[in-house]
Amino acid sequence: MPKFYLTTPIYYPSGKFHIGTAYTTTLADTIKKYKQARGYDVYLLTGMDEHGQKIQQVAEKEGKTPQEHVDLMAEEAKKLWKLMEIDYDDFIRTTQPRHEKVVEEIFDRLMEQGDIYLSEYEGWYCMPCETYFTETQLVDGKCPECGREVKKMKEESYFFNMKKYANRLIEFYNQNPNFILPESRKNELFNNFLKPGLEDLCVSRTSFDWGVKVRKDPKHVVYVWLDALTNYITALGYLSEDDTLLKKYWPADLHLVGKDIIRFHGLYWPIFLMALGLPLPKQIYAHGFIMMKDGKMSKSKGNVIYPEPLIERYGLDAFKYFILREMSYSQDGTFTPEAFVERFNFDLCNDLGNLLNRTIGMINKYFGGEIKEYNQNVSSLDKEVENFSNGVIHEVEGCFDTYHISQAISETWNLVSRTNKYIDETMPWVLYKEEKLEELQSTMYHLVENLRRIAILISPYMVHTSKKMLDQLNIPNELRTWDSLSKYDQIKNLKVTDKPEVLFARLDQEQEIEIIKTMMK
Ligand code: ME8
C-alpha cells in the first residue's frame, strides 16, 4: 500500500480555535479520506504549539501556569476535533517529553556541527508574532505581519547559518517546481527571500523562559519556530528509541499550512532538514485565509466565528461543505451569514436534497420502488448524461489529486445540476402518462447511478450525507467504494426506500442570517 504522510500546522493555544483553524484541519481530514478511498495508507498528524512568550502571557492573564493553560486548551482542541470527526492519527504537543528531549538534542547537534553560532541580535520585535524585523521590513513603523506596535530589542542570541544552505535550497526549488503550492506563493518566497539572499536566523531567546532550554546554555530557550517545525519528525520518533514511524512515513507527502506561515515552512524548515541530513518534504501547500466582510477575524472587531454553534445548528456536513467550497485554491475566501444560508438552501437543500427526494419519489410512484437493470438501448440523452457523469469523475479526481478541493466540489455540483436538468429534459411524468415504461425505467436508472456517484464523490467531506443517500437508495456495499465509480451498469434489482428522508431542511433566510450574526463574537 502506498503511504501518505500529511500534517496540519500545530496551532497556538492562545485562544479558542475559530473557523480558520477548523478550515485547515477539515482540509487535511478531507484529503486523508480521499487518499484512503484511493488505497493509500494515510498518517495524519496534528497538534499544538505550546511554547513561547505569547502563551506565557495569556496564561498569566488567566492566573494559571502556562502548563495548566495548555493542558486545558489541548482538551478543548481534542473536543473540537472530535465534534468535527477529524480522523487524526497523532496529536503532538510541544510540551511533551518525547518532543522536548529531541529538540534539545537537535539544537546540540546543530551547534556541534557549527550550523548554530552565538552572536547578538538587535531588531524590532513584534510580541504577538514573536518575530524580529529589520527596520526596512516594518510598515509605517509597525509589524508588517499583524500591524501592531513593535519594540526595539537587543539580546544575546544563537543564530542559524542559513546562508550556508541557501544555494542548495535554490537548487532544490529549481529541481522541484511543485515543491511549494500554489505557484504564486513559491514565486513570492523565491523572489522576496531567496533571490535577495537569506539572512541568518535567530534561533534562541533570553527574554522569557517558557520553552525548551538550550542544554549547554540554559538561559536561552529555543526559538519557538525551530521548536515547532520539528514536531513533524519528533512525532514520528526521530532520535528516539522507536523510530518505526519515521522510517515508514518520512518524508512528509504534504504539509498543509496557511499562507501566513509558508515562509517558515518553505525556507527554514527545508534548511533545518538539510542540516540534519534528512530528506525534504515532497510538497507544501499554503492555502488562503477565511476573511470576514470587514477583513480579518479579530476579537476586537467582534467578528470571530467559531465552528461549534454552526455545526450544532446546521450539521457537520453543511459546515464542512461551506468552508471548503468557499475557499478557492489560491485565494482567500469569505465567510458571510448570507452566503452560508444561501449555499445551504440552494446547493444542499434545493439542488442535492431535492434531487434525491424527487428521484426516490418517482421510482416509488412509477415502479413500486424498483430499478431492474441497466439498459443498453438507451436514448441519446441517456448516453449523454452517462458520458457527462464520466467526465465529472475524471475532473473531480484531478482536482482532489492536486488539492483543488473547492473546485472538486463545484465539479461535483455540476453533476448535480446536470442531473436535475436531465429530469426537466426527460419529463418522466410525461413518459409515465404515455406509458413509455422502458424509457422511464432507463431514466430512473440514470438518476440513481448519478446519485450514487455524487454520494461517493462527496464522501471525503460529507460523510453523513453520503451514507444517507446510499442508504436511502439501498446501494449494495460493493457499489459504495471509490473504485466502483468507474462502473455504470452494475445496479440490479434495486429497491429504494419507500420512506425518503429530507437531507437538508430549507432555512428561513432572514431569520437564520440574524441567528448566525449573533454567533459572531
Ligand atoms: O502559526 N483562515 O499557529 P496558529 C484560514 N503555531 N486558516 C487560518 C485562519 C484563517 N482566517 N487563521 C488561522 C501557528 N488559520 C504556528 C504553526 S506549525 C509548525 C506552527 C490556520 O495557531 C492556518 O492554517 O497561529 C494558519 O497557518 C494556522 O491556522 C496558524 O495557526
Test result for residue 113, exposed (fewer than 15 other Cβ atoms within 10 Å of the Cβ) and touching a helix residue (DSSP H, G or I) at 6+ places or on another chain (Cβ under 8 Å):
yes
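Name the residue, out of 167, 187, 192, that is under 20 Å from residue 275 (Cα atoms) and part of a helix (DSSP H, G or I). Break it down stepwise before answering.
Working: 187 fails: under 20 Å from residue 275 (Cα atoms); 192 fails: under 20 Å from residue 275 (Cα atoms).
Result of the check over 167, 187, 192: 167.
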State whether the residues of the range 208-218 include one that is within 15 Å of the ligand (Cβ to nearest atom), in contact with a helix residue (DSSP H, G or I) (Cβ under 6 Å, 6 or more places away or on another chain) and of a type outside the set (S, T, N, Q).
yes
Filtering the range 267-279 down to residues that are buried (at least 19 other Cβ atoms within 10 Å of the Cβ) and under 25 Å from residue 237 (Cβ atoms), which residue is farthest from the ligand (Cβ to nearest atom)?
275
Any chance you could count how many residues in the range 220-248 are away from the ligand (no atom under 14 Å from the Cβ) and of a type in the set (Val, Ile, Thr)?
2
Scanning the range 249-263 for residues that are more than 14 Å from the chain's Cα centre (by Cα) and within 7 Å of the ligand (Cβ to nearest atom) gives 260, 261
Top-ranked residue of the range 380-409 - restricted to ones that are surrounded by fewer than 15 Cβ atoms within 10 Å (Cβ to Cβ) and among the small types (Gly, Ala, Ser), ranked as farthest from the chain's Cα centre (by Cα):
380
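Each row is one residue, and each column tells you yes or no for (1) without any contact (Cβ under 8 Å) to a residue 12 or more places away in the chain; (2) in a helix (DSSP H, G or I); (3) not aliphatic (A, V, I, L, M).
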{"site": "430", "(1), (2), (3)": "yes, yes, no"}
{"site": "442", "(1), (2), (3)": "no, yes, yes"}
{"site": "460", "(1), (2), (3)": "no, no, yes"}
{"site": "471", "(1), (2), (3)": "no, yes, yes"}
{"site": "485", "(1), (2), (3)": "no, yes, no"}
{"site": "493", "(1), (2), (3)": "no, no, yes"}
{"site": "499", "(1), (2), (3)": "yes, no, yes"}
{"site": "513", "(1), (2), (3)": "no, yes, no"}
{"site": "516", "(1), (2), (3)": "no, yes, no"}
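From the list 35, 54, which one is part of a helix (DSSP H, G or I), within 23 Å of residue 404 (Cβ to Cβ) and either more than 8 Å from the ligand (Cβ to nearest atom) or in contact with a strand residue (DSSP E or B) (Cβ under 6 Å, 6 or more places away or on another chain) (or both)? Give the steps one after another, and end with the answer.
On the way: 54 fails: within 23 Å of residue 404 (Cβ to Cβ).
Step by step, each of 35, 54 is checked, and only 35 is part of a helix (DSSP H, G or I), within 23 Å of residue 404 (Cβ to Cβ) and either more than 8 Å from the ligand (Cβ to nearest atom) or in contact with a strand residue (DSSP E or B) (Cβ under 6 Å, 6 or more places away or on another chain) (or both).
Mind checking which residues of the range 18-28 are in contact (Cβ under 8 Å) with a residue 60 or more places away in the chain and either more than 8 Å from the ligand (Cβ to nearest atom) or in a helix (DSSP H, G or I) (or both)? Break it down into steps so the answer makes sense when it comes.
Here is the first cut: in the range 18-28, the residues in contact (Cβ under 8 Å) with a residue 60 or more places away in the chain are 18-20, 22-28.
19, 20, 22, 23, 24, 25, 26, 27, 28 - these are the residues of the range 18-28 that are in contact (Cβ under 8 Å) with a residue 60 or more places away in the chain and either more than 8 Å from the ligand (Cβ to nearest atom) or in a helix (DSSP H, G or I) (or both).
Looking at the range 282-373, what helices (runs of 4 or more DSSP H) fall wholly within it and have at least 1 residues that are within 16 Å of the ligand (Cβ to nearest atom) and either without any contact (Cβ under 8 Å) to a residue 40 or more places away in the chain or not hydrophobic (A, V, I, L, M, F, W, C) (or both)? Let's see the steps before the verdict.
On the way: elements: 307-314, 316-326, 337-343, 354-367.
Correct list: 307-314, 316-326, 337-343.
Before we move on, is residue 238 among the aromatic types (Phe, Trp, Tyr), buried (at least 23 other Cβ atoms within 10 Å of the Cβ), in contact (Cβ under 8 Å) with a residue 40 or more places away in the chain and closer than 30 Å to residue 4 by Cβ?
Numbers: among the aromatic types (Phe, Trp, Tyr): yes; buried (at least 23 other Cβ atoms within 10 Å of the Cβ): no; in contact (Cβ under 8 Å) with a residue 40 or more places away in the chain: yes; closer than 30 Å to residue 4 by Cβ: yes.
It is false that residue 238 is among the aromatic types (Phe, Trp, Tyr), buried (at least 23 other Cβ atoms within 10 Å of the Cβ), in contact (Cβ under 8 Å) with a residue 40 or more places away in the chain and closer than 30 Å to residue 4 by Cβ.
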Does the range 162-180 contain at least one residue that is under 26 Å from residue 258 (Cβ atoms) and within 16 Å of the ligand (Cβ to nearest atom)?
yes
Return the residue satisfying two criteria in turn: it lies in the range 374-408 and is assigned to a helix (DSSP H, G or I) and among the small types (Gly, Ala, Ser), and of such residues it is nearest to residue 326 (Cα to Cα).
406
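Bear in mind these aren't lab numbers, they're just calculated from the coordinates by the rules spelled out. Just so we're clear, the structure is a prediction, and the values are computed from it rather than from any experiment. Because the Cβ atoms are built from the backbone with ideal geometry, glycine has one as well, and the counts that use them run over all protein chains shown.
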